[in-house]
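Novice: Got a structure for you, questions after.
The values are calculated or read from the model by the stated rules, or taken from the named source; none is laboratory data. Keep in mind that this is a model prediction, so the values were computed, not measured. Every residue, glycine among them, receives a Cβ derived from its backbone with ideal geometry; neighbour counts consider all protein chains shown. Accessible surface areas use protein heavy atoms only, side chains included; no ligands, DNA or RNA. Shrake-Rupley method; radii C 1.70, N 1.55, O 1.52, S 1.80 Å.
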Amino acid sequence: MSFSYQIKSYNEYKEAYKKSVEDPEGFWADVAQNFYWRRKWDTVLKWNFKEPRVEWFAGGKLNITENCLDRHLEKLGDKPAIIWESNDPEEKPRVITYTRLHKRVCQFAQVLRNNGVKKGDRVCIYMGMIPELAYAVLACARIGAIHSVIFGGFSAQSIADRLEDAQAEFIITCDGAHRGAKEIPLKSVIDDALIGNKVVKRVIVYTRTRTPVSMLKGRDVWWEDEMRIVSEGLDVPQGINFGEVEIMDAEDPLFILYTSGSTGKPKGVVHTSGGYMVWTNYTFINVFQYQPGQIHFCTADIGWITGHSYILYGPLSAGATSLMFEGIPTWPDAGRFWDIIDKYKVNILYTAPTAIRSLMGFGLDPLKGKDLSSLKVLGTVGEPINEEAWHWYDEHIGKKKCPIVDTWWQTETGGTLISNLAGITPAKPSWATLPMPGVQPILVDESGKEVTEKDDQGMLKGNLCIKAPWPSILRTTYGDHERCRTNYFATYPDLYFTGDGALKNEEGFYRITGRVDDVLNVSGHRIGTAEVENAINMHAGVVESAVVGYPHDIKGQGIYAYVIFSGRHVDPELTKKDILATVTRIIGAIAKPDKIQFVSGLPKTRSGKIMRRILRKIAEGEISNLGDISTLLDPGVVDEIKNGKI
Ligand code: WTA
């Protein structure tokens, strides 16, 4: 495959960008015609941000898996679609060609049909990073079921909330998952999540760890048994044609992915088929400057949007080889990524700044003897990258020969919105730089007015919004469209508000400075402060809590919790452990506070609002400059908190 829409020079980028803004419909029709549509669209774009309503390629019919699989079979059938590296370096890798992947997806799609899954049904997927996870996701897409993948680190309670919100009737899981030295008992977590659930009809369980599990008669079935029925041609309902796809409208939902916001409850971000396919493919090819035959290693988990877009849909729709890794970067040692790159001659490495910082901490020894010369392009995602980490990545991993793309985007955006294009447009350490064609960023002040005043360094600074839709903008939040409107489209009229702050320099480059709402970014994972507070408050002895972020060397942001505790305080260290256990049970280990400070009160205004600004400053260690505290109900509490800072 060669890609007519791959941008080859800075000038071509400028031309593409100009055209995409002046004639978005013409621009995206040109790109979209390179895909396989069962029926061409009637209109390229209809939209308003008031409701909001966005439709791309309306009237078009397609199935995204035909674009990710079937259309490659003739030329790329024998090429690896997925190379899988086990958590255990001794275990044999699995190489899944496009032909094999197609077959497995069709078989599992049939399994889903046999189990009663229909178009539009919600299927929750809670698995480790194994090829069967890819089969499950693509099989859902094949039959038009809406997949909702949940990261393996979330707790039973989190899963229960998501199942309830999505009204999911089906679950696909594993007995367990391997992650480093740990084994996560996935099925048993699912069993806990299902206590009291009356909606789930079927749980399909794949055997990975051989952890003992209990199977509920009538509800739970084994993946292997179900696959055997299909592959041996037993019990397949008459009239079903193996490999048949559900033909979807471009605007039919493809998946739901839950993400944290500034309220206590995660939102089910909904993406649809046509626009999401075009965008993940377009950005994959252009940002990484993917060349046919290259091996792409995205280290994210498929439980997050990065895995959806840049392990599965983007690379597969481009006919690339996607490397999927079950384990973690530091197991069995901190050289694991470098071993993998050497072993498979990886060309593109896409990872998170937090991973880079953590590996940097192990020094250069883990790199000794590892041949990284196959690398052509490096990428980062998920959080701002500090200059030190950028230079380390450049020098020691890319050997100063690989462009680094700093890709800024969100679960809601489906794919990258702001990034340099590898080797094509300029890179600047810690700057995401330029918008992708079709993306029109704008910086606004608190009142929504475009920022035009430059600071003394010639920079504009404001809240980052986007003026017009790109093909993979979220369409709604599942089951609650009003929530989508108020969260993203109501803060500033007629703009999509990202929740991030940004700088813009004189060259027009953007630098993302971080969230301006109550969302933390811990190790590249989004966590709402309200969610963590809710979880802490579930502890019987806790009266109230307030959670803020503070700079953390490796995680980017750490979680600092101020807690008013009324229970019996026999040993504060034990109480802290109890609180951590509560958070782990309610959300998952990723949301555990790094620091807990017990306080007797929180700084509140007379109307009862917690002044987080003050708490944030104290957590950051900026104790001398707290600003105006005269509006506080009890200013005395501030001194107490300052003195008790951890
Ligand atoms: C942050 C991950 C700076 C940002 C794809 C955004 C970044 C949030 C970058 C979305 C980057 C992501 N530079 N910040 N290159 N990429 N972010 O939904 O705050 O898990 O709003 O999507 O991560 O996180 P999410």
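Novice: Six or more apart or on different chains, Cβ under 7 Å: which pairs go from a residue in region 390-401 that's more than 14 Å from ILE348 (Cα to Cα) and among the aromatic types (Phe, Trp, Tyr) to one that's open to solvent by 30 Å² or more (accessible area, probe 1.4 Å) and part of a helix (DSSP H, G or I)? Could you list them?
Specialist: Within 7 Å, the pairs are TRP392/MET360.
Novice: Does PRO551 qualify as being part of a strand (DSSP E or B) and either in contact with a Leu (Cβ under 9 Å, 6 or more places away or on another chain) or open to solvent by 60 Å² or more (accessible area, probe 1.4 Å) (or both)?
Specialist: Numbers: part of a strand (DSSP E or B): yes; either in contact with a Leu (Cβ under 9 Å, 6 or more places away or on another chain) or open to solvent by 60 Å² or more (accessible area, probe 1.4 Å) (or both): yes.
Considered against the rule, which asks whether it is part of a strand (DSSP E or B) and either in contact with a Leu (Cβ under 9 Å, 6 or more places away or on another chain) or open to solvent by 60 Å² or more (accessible area, probe 1.4 Å) (or both), PRO551 comes out as yes.
Novice: Considering only region 1-32, state which residues are assigned to a helix (DSSP H, G or I), surrounded by fewer than 17 Cβ atoms within 10 Å (Cβ to Cβ) and of a type in the set (Ser, Thr, Tyr).
Specialist: Let us first name the residues in region 1-32 that are assigned to a helix (DSSP H, G or I), namely 10-22, 24-32.
After this cut, where a residue has to be surrounded by fewer than 17 Cβ atoms within 10 Å (Cβ to Cβ) as well, the list is 10-12, 14-15, 18-19, 21-22, 25-26, 29-30.
If the condition is that a residue be assigned to a helix (DSSP H, G or I), surrounded by fewer than 17 Cβ atoms within 10 Å (Cβ to Cβ) and of a type in the set (Ser, Thr, Tyr), then TYR10 is the only one that fits.
Novice: May I ask you to list the residues in region 429-452 that are without any contact (Cβ under 8 Å) to a residue 60 or more places away in the chain, more than 14 Å from the ligand (Cβ to nearest atom) and part of a loop (DSSP other than H, G, I, E, B)?
Specialist: ASP445, GLU446, SER447, GLY448, LYS449, VAL451, THR452
Novice: Considering only residues that are within 12 Å of PRO441 (Cα to Cα), part of a loop (DSSP other than H, G, I, E, B) and among the hydrophobic types (A, V, I, L, M, F, W, C), which ones fall in region 453-472? Working first, answer last.
Specialist: Here is the first cut: in region 453-472, the residues within 12 Å of PRO441 (Cα to Cα) are 462-470.
This time we only want the ones that are part of a loop (DSSP other than H, G, I, E, B), so: 467-470.
Matches in region 453-472: ALA468, TRP470.
Novice: Determine the pairs where a residue that is over 21 Å from GLY152 (Cβ atoms) and touching a residue at least 60 places away in the same chain (Cβ under 8 Å), located within region 307-329, has a partner that is open to solvent by 10 Å² or more (accessible area, probe 1.4 Å) and assigned to a helix (DSSP H, G or I) with Cβ atoms under 7 Å apart, the partner being 6 or more residues away or on another chain.
Specialist: GLY319/LEU76
Novice: Would you pick out the residues in region 382-428 that are acidic (Asp, Glu) and either open to solvent by less than 30 Å² (accessible area, probe 1.4 Å) or within 14 Å of the ligand (Cβ to nearest atom) (or both)?
Specialist: Just the residues of region 382-428 that are acidic (Asp, Glu), to begin with: 383, 387-388, 394-395, 406, 412.
Selection gives GLU383, GLU387, ASP394, ASP406, GLU412.
Residues are listed down the side, and each one gets a yes or a no for (1) assigned by TED's automatic domain parsing to the domain that holds PHE565; (2) open to solvent by less than 40 Å² (accessible area, probe 1.4 Å); (3) under 19 Å from ILE559 (Cα atoms):
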| position | (1), (2), (3) |
| --- | --- |
| ALA581 | yes, no, yes |
| THR584 | yes, no, yes |
| VAL599 | yes, yes, yes |
| LYS609 | yes, no, no |
| LYS617 | yes, no, yes |
| GLU620 | yes, no, yes |
| SER630 | yes, no, no |
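Novice: Okay, next question. State which residue pairs qualify: first residue more than 12 Å from PRO471 (Cα to Cα) and inside region 412-426, second residue within 8 Å of the ligand (Cβ to nearest atom) in any location, beta carbons under 6 Å apart, and separation of 6 or more residues or different chains.
Specialist: ILE418/TRP408; ILE418/ALA432; SER419/THR407; SER419/ALA432
Novice: Just the residues that are assigned to a helix (DSSP H, G or I) and over 21 Å from ARG71 (Cα atoms), please, taken from region 133-153.
Specialist: Narrowing region 133-153 to residues assigned to a helix (DSSP H, G or I): 133-143.
Within region 133-153, just LEU133 meets the criteria.
Novice: Here is a follow-up. Report, ordered by the first and then the second residue, all pairs with beta carbons closer than 8 Å, sequence separation of six or more or different chains, a first member in region 626-646 that is touching a residue at least 40 places away in the same chain (Cβ under 8 Å) and farther than 14 Å from SER600 by Cβ, and a second member that is assigned to a loop (DSSP other than H, G, I, E, B) and open to solvent by less than 60 Å² (accessible area, probe 1.4 Å).
Specialist: LYS645/GLY621; LYS645/ILE623
Novice: Looking at THR584, THR529, THR575, which one is farther than 27 Å from ILE356 by Cα and not hydrophobic (A, V, I, L, M, F, W, C)? Show your work before the answer.
Specialist: Numbers: THR584 fails: farther than 27 Å from ILE356 by Cα; THR529 fails: farther than 27 Å from ILE356 by Cα.
Unique residue meeting the criteria: THR575.
Novice: Having 2 or more residues that are in the same structural domain as PHE35 (by TED's automatic domain parsing) and open to solvent by less than 10 Å² (accessible area, probe 1.4 Å) is the bar; report the strands (runs of 3 or more DSSP E) wholly within region 45-99 that clear it.
Specialist: Details: elements: 53-58, 80-85, 94-97.
In region 45-99, 53-58, 80-85 are the strands (runs of 3 or more DSSP E) which contain 2 or more residues that are in the same structural domain as PHE35 (by TED's automatic domain parsing) and open to solvent by less than 10 Å² (accessible area, probe 1.4 Å).
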